[in-house]
Amino acid sequence: MSSDQPTEEPAYDDRVYRSPMATVTGVVLLALLAWLCGDAVVRGSGNVPWIALASALCLAPVIVAFTVRPAVFANDDRLRVRNPFRIIELPWAAVDTVRARFAAEVLAEGTTYQMWSIAVSLRERKKANRRQAGRLGLGNGQAKTPDEDVRQASADRIIDELRELHERCASRAGAQGPVKVSWSYEIIAPSVIGALILMVLLATG
């Protein structure tokens with residue numbers, strides 16, 4: 001028996017926002033760390049190999065946390081912000097606004113959460129504003145038709161996309177619920193253990 005009641009459209013796959021430059025930097029730093037620590041393990045004597053391994057255990061998660069890990073995932077139901085040491089899940093109905101001033105932020109339930117993967121470049125924003133002014137003919141007395149293809153700063157473009165999703169999807173049944181914050185112990189624990197081992201080795205060496 002079919003129902004004539006309209007059904008809500010399903011949420012589509014996540015849009016993913018991350019910094020390619022941060023990812024490349026993280027890969028390079030991890031490769032450098034592996035080379036230095038690997039060389040110390042192979043060539044070092046005494047406690048040096050163990051100190052190198054402890055250093056790698058301490059530093060590798062930190063490098064991953066601040067470079068490769070940060071990302072923002074958005075679909076029709078919610079915004080998920082993966083920061084270095086926390087994951088914040090925000091149903092669109094709980095979000096007050098999304099903004100980019102000096103940093104990309106989402107405000108929800110009276111709390112401000114920074115989105116690490118969306119870097120705000122004031123220099124890029126100034127360039128985009130100058131291009132916009134040039135397209136509009138400002139300063140030379142000639143009014144031109146605005147061009148919708150004028151490039152925005154990348155952070156501002158992403159924020160506009162997130163705002164559009166928020167405005168369009170906040171009333172969905174699947175977009176209801178409270179904000180959830182969880183700590184990323186898979187990043188925190190290895191780094192803390194490595195730091196403790198390193199301190200013991202340095203103190204006893």
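The values are calculated or read from the model by the stated rules, or taken from the named source; none is laboratory data. Fair warning: this is a prediction, and the values are worked out from it, not measured in the lab. Cβ atoms come from the backbone with ideal geometry, glycine included; neighbour counts cover every protein chain shown. In case anyone asks, the SASA skips ligands and DNA or RNA and just uses the protein heavy atoms, side chains included. Shrake-Rupley method; radii C 1.70, N 1.55, O 1.52, S 1.80 Å.
Picking from 1, 21, which residue would you name as being at pLDDT below 95, assigned to a helix (DSSP H, G or I), out of contact with any Asp or Glu (no Cβ under 7 Å at 6 or more places or on another chain) and not β-branched (Val, Ile, Thr)? Working first, answer last.
Working: 1 fails: assigned to a helix (DSSP H, G or I).
Of the residues listed, the single one that is at pLDDT below 95, assigned to a helix (DSSP H, G or I), out of contact with any Asp or Glu (no Cβ under 7 Å at 6 or more places or on another chain) and not β-branched (Val, Ile, Thr) is 21.
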Item to complete: Enumerate the pairs (first residue in region 91-119 and on the phi < 0 side of the Ramachandran plot; second residue anywhere and part of a strand (DSSP E or B) and at pLDDT below 90) with beta-carbon separation below 8 Å, excluding pairs fewer than 6 apart on the same chain, so at least 6 apart or on different chains.
Response: 118/100
Discussion item. Looking only at region 174-205, how many residues end up being assigned to a helix (DSSP H, G or I), surrounded by 13 or more Cβ atoms within 10 Å (Cβ to Cβ) and of a type in the set (Val, Ile, Thr)?
Written reply: 5
Worksheet item: Could you give every pair whose Cβ atoms fall below 7 Å, whose first residue belongs to region 164-176 and is more than 21 Å from residue 99 (Cβ to Cβ), and whose second residue is part of a helix (DSSP H, G or I) and open to solvent by 30 Å² or more (accessible area, probe 1.4 Å), counting only separations of at least 6 or pairs across chains?
Response: 176/93
Worksheet item: What's the number of the condition residue 171 fails, among (1) out of contact with any strand residue (DSSP E or B) (no Cβ under 8 Å at 6 or more places or on another chain); (2) modelled with pLDDT of 85 or more; (3) more than 19 Å from residue 16 (Cα to Cα); (4) open to solvent by less than 60 Å² (accessible area, probe 1.4 Å)?
Response: (4)
Worksheet item: Residues of region 40-59 being of a type in the set (S, T, N, Q) and free of Cβ contacts under 8 Å to residues at least 12 places away in the same chain, which ones?
Response: 45
Practice prompt. Restricting attention to region 56-95, report how many residues are over 30 Å from residue 40 (Cβ atoms) and in contact with a helix residue (DSSP H, G or I) (Cβ under 9 Å, 6 or more places away or on another chain).
Written response: 13
